[in-house]
1. Residues in the range 180-200: is at least one among the small types (Gly, Ala, Ser), at pLDDT below 95 and crowded, with 21+ Cβ neighbours inside 10 Å?
2. Gly56 - would you say it is closer than 27 Å to Val199 by Cα, in contact (Cβ under 8 Å) with a residue 12 or more places away in the chain and within 17 Å of the chain's Cα centre (by Cα)?
3. Please list, ordered by first then second residue, the pairs with beta carbon atoms under 8 Å, 6 or more apart or interchain, first in the range 216-230 and farther than 18 Å from Glu246 by Cα and in contact (Cβ under 8 Å) with a residue 60 or more places away in the chain, second surrounded by fewer than 24 Cβ atoms within 10 Å (Cβ to Cβ) and basic (Lys, Arg).
4. Among the residues that make up the range 14-26, is at least one of them more than 18 Å from Glu246 (Cβ to Cβ), of a type in the set (A, V, I, L, M), over 15 Å from the mean Cα position of the chain (by Cα) and at pLDDT 95 or above?
5. Return yes or no: is Ser102 in a helix (DSSP H, G or I), in contact with a Phe, Trp or Tyr (Cβ under 6 Å, 6 or more places away or on another chain) and not β-branched (Val, Ile, Thr)?
6. Go through the range 112-148 and give me each residue that's buried (at least 19 other Cβ atoms within 10 Å of the Cβ) and in a helix (DSSP H, G or I).
7. Test Ile31 against the criterion of being touching a strand residue (DSSP E or B) at 6+ places or on another chain (Cβ under 7 Å), aliphatic (A, V, I, L, M) and under 30 Å from Glu128 (Cβ atoms), and give yes or no.
8. Would you check if Ser208 is modelled with pLDDT under 95 and within 30 Å of Leu134 (Cβ to Cβ)?
Amino acid sequence: MSKIKEAIANHKAFIPFITCGDPNLATTKEIVKEAVKNGADLIELGIPFSDPTAEGPVIQGANLRALTNGVTTDRIFDLVRELRLEITIPMVFMTYANVVFSYGAEKFISTCREIGIDGLILPDLPFEEKEEFLPFCEKYDVDLISLIAPTSENRIAMIAKEAKGFIYLVSSLGVTGTRSEITTDLGSIVSVIRANTDVPVAIGFGISNPEQAKKMAALSDGAIVGSAIIKIMEKYGTDSPAYVGEFVKSMKDALLF
């Protein structure tokens, strides 16, 4: 069984997103450790990219700060090697197809296997074009995580049937960012997913507080939160690990039902 699927299959999972290198990689390392200590079930690590098309202004800003600070893919690989000396829960990369392509797809994905990255999320990779990376993911046992959005409609079943690890269900149209209310009929989408796969499904985009996280997890297998965490990192900088830890604990506590 996929390590990701196994880790989040039997309870409501909390999945924090953290942009690597914002404000620096040493702080990223401490943030990940605090998140794990406070109940995170899986860590989503963002590799910065200059044109992060799925991201709203908050995560765009984190990408820019990280890149300005000289963060590179190789330095992030080294960070994961250090984290794996202590962290055992699944970790996945979230980045863009051009980052993987320009590095060399097989080299990138084989390195993921070597350092202990369990999955890869590429939000700008259409389902129909995944064959560019999927053979390497299968060769090196790295789950290529599928995204399903409200616009997926008649493609939901097809995507679900081939999903690995977990399914990232996008809560609403548009880019990442906190939202005061999520109005998409996610229940009907989850029903179609459940009819076609037993791979867990977690909901992301727009979740910013424990009440929203609980509501989304009630519909699915867990909640993914990014922008709300990045705002904490932006506010507190190198002092942010403890604050992120407190936030993760509040979100995870909300999912214990």
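The values are calculated or read from the model by the stated rules, or taken from the named source; none is laboratory data. As the structure is a prediction and not an experimental result, all values here were calculated from the model. Every residue, glycine as well, gets a Cβ built from its backbone with ideal geometry; the counts of neighbours run over all protein chains shown.
1. no
2. Considered against the rule, which asks whether it is closer than 27 Å to Val199 by Cα, in contact (Cβ under 8 Å) with a residue 12 or more places away in the chain and within 17 Å of the chain's Cα centre (by Cα), Gly56 comes out as no.
3. Ala217/Lys12; Asp221/Lys12; Gly222/Lys12
4. Yes, that holds for at least one residue.
5. In short, no.
6. Passing the criteria: Cys112, Phe136, Cys137.
7. For Ile31, the condition - touching a strand residue (DSSP E or B) at 6+ places or on another chain (Cβ under 7 Å), aliphatic (A, V, I, L, M) and under 30 Å from Glu128 (Cβ atoms) - is not met.
8. The answer is no for Ser208.
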